[in-house]
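Reviewing the structure listed below.
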Amino acid sequence: MTKNTKLYFIGIIALITVTIGLAFVTKNSFTGDYDLNKIKKQYNLENFVYFNIEDSEYFNESISSLDELEKSSDLIVKVKPGDGKLFYNSIERPVKIIDIYSDKDSLKKGDTIYIQEPFSISYLKGMESMSSEKGYVLMNSNQEYIIFLKHLDKVDGYKYKGNEKITYVPVSTRLSKYCRQERPLLVKESKIDGGKLYYKDFKSSSAIFIKADDWDKYNSISSQVYDKYR
């Protein structure tokens, strides 16, 4: 075997090894095999750049009042989030129910439910970034949240399996989550588009807004939420 032939086969083997490694990481990202706390410890998320996704129609972004938010909710609770598992375009968080304000599922204080947060993290080298649906911000494990939730969508006749029955999503990406220690962030869209918004800039924010009217609406609803739900 000539030297060039050896180098050729070594190159092929190296390429296969890298491909398998990337496939393994990608698979884990898709199937939720990577824990959120593990990722936080392993990577410096502070400097991950943020990208906003505005084209999703899964969430109700037409809500303009607390009354509309309440009527659109299957569950209104105060929760304490735990660790999470990373999926392709969401993070599944187990949360402990601290208080129940409205419930159609006979839950009780102390129960654990699951929330699919519309937030994703890419930690592959050279592709370090975060993205979320329409300004949603990941819950912090050291805080408590009043949150308005709905069941996962399903087709007629389908029966929830396993934890799906107690798995929820926010009703609205920007208007569903409230924490007294967090404030909404109003930022210029050009800052996001230019890749100048980082996790450290919004990790303690309740949501990211690019329109002042929407930011004002959140502040108005939040005042009502804190007055009504204690």
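The values are calculated or read from the model by the stated rules, or taken from the named source; none is laboratory data. On a predicted model such as this, the values are computed, not experimentally measured, just so you know. Cβ atoms come from the backbone with ideal geometry, glycine included; neighbour counts cover every protein chain shown. These accessible areas exclude ligands, DNA and RNA; they are computed on the full protein's heavy atoms, side chains included. Shrake-Rupley method; radii C 1.70, N 1.55, O 1.52, S 1.80 Å.
Matching residues to (1) of a type in the set (Lys, Arg); (2) at pLDDT 85 or above; (3) surrounded by 15 or more Cβ atoms within 10 Å (Cβ to Cβ):
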residue: MET1; (1), (2), (3): no, no, no
residue: LYS6; (1), (2), (3): yes, no, no
residue: THR19; (1), (2), (3): no, no, no
residue: ASN60; (1), (2), (3): no, yes, yes
| query | Out of the residues in the range 159-178 that are polar (S, T, N, Q) and open to solvent by less than 30 Å² (accessible area, probe 1.4 Å), which is nearest to the chain's Cα centre (by Cα)? | reply | THR173
| said: Condition first: of a type in the set (Asp, Glu) and under 17 Å from PHE59 (Cβ atoms). Now tell me which residues in the range 158-216 satisfy that. | reply: ASP214
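Name the one entry in GLN116, GLN181, GLN143 that is open to solvent by 50 Å² or more (accessible area, probe 1.4 Å), modelled with pLDDT of 95 or more and polar (S, T, N, Q).
GLN181
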| task | Take the range 119-140 and flag every residue that is closer than 18 Å to ILE53 by Cα, open to solvent by 20 Å² or more (accessible area, probe 1.4 Å), of a type outside the set (D, E, K, R) and not in a strand (DSSP E or B). | result | MET127
| field | Hits in the range 179-230 - residues which are under 21 Å from the mean Cα position of the chain (by Cα), more than 23 Å from VAL79 (Cβ to Cβ) and part of a helix (DSSP H, G or I) | value | GLU189, LYS191, ILE192, ASP193, LYS200, ASP201, ASP214, TRP215
| query | Do we find a residue being out of contact with any helix residue (DSSP H, G or I) (no Cβ under 9 Å at 6 or more places or on another chain), among the basic types (Lys, Arg) and without any contact (Cβ under 8 Å) to a residue 24 or more places away in the chain anywhere in the range 72-93? | reply | no
| field | Filtered residue count, the range 73-108, keeping only those that are outside any strand (DSSP E or B) and over 20 Å from CYS179 (Cα atoms) | value | 8
| ASP105 vs. criteria under 19 Å from LYS150 (Cα atoms), of a type in the set (Asp, Glu) and in contact with a Leu (Cβ under 9 Å, 6 or more places away or on another chain) | yes
| message | Residue pairs, Cβ under 7 Å, 6 or more apart or interchain, first in the range 143-160 and of a type in the set (Phe, Trp, Tyr), second modelled with pLDDT of 85 or more and open to solvent by 30 Å² or more (accessible area, probe 1.4 Å). List them. | response | TYR145/LYS78
| message | Being outside any loop (DSSP other than H, G, I, E, B), more than 17 Å from the chain's Cα centre (by Cα) and within 24 Å of LEU185 (Cβ to Cβ): is that true of GLU68 here? | response | yes
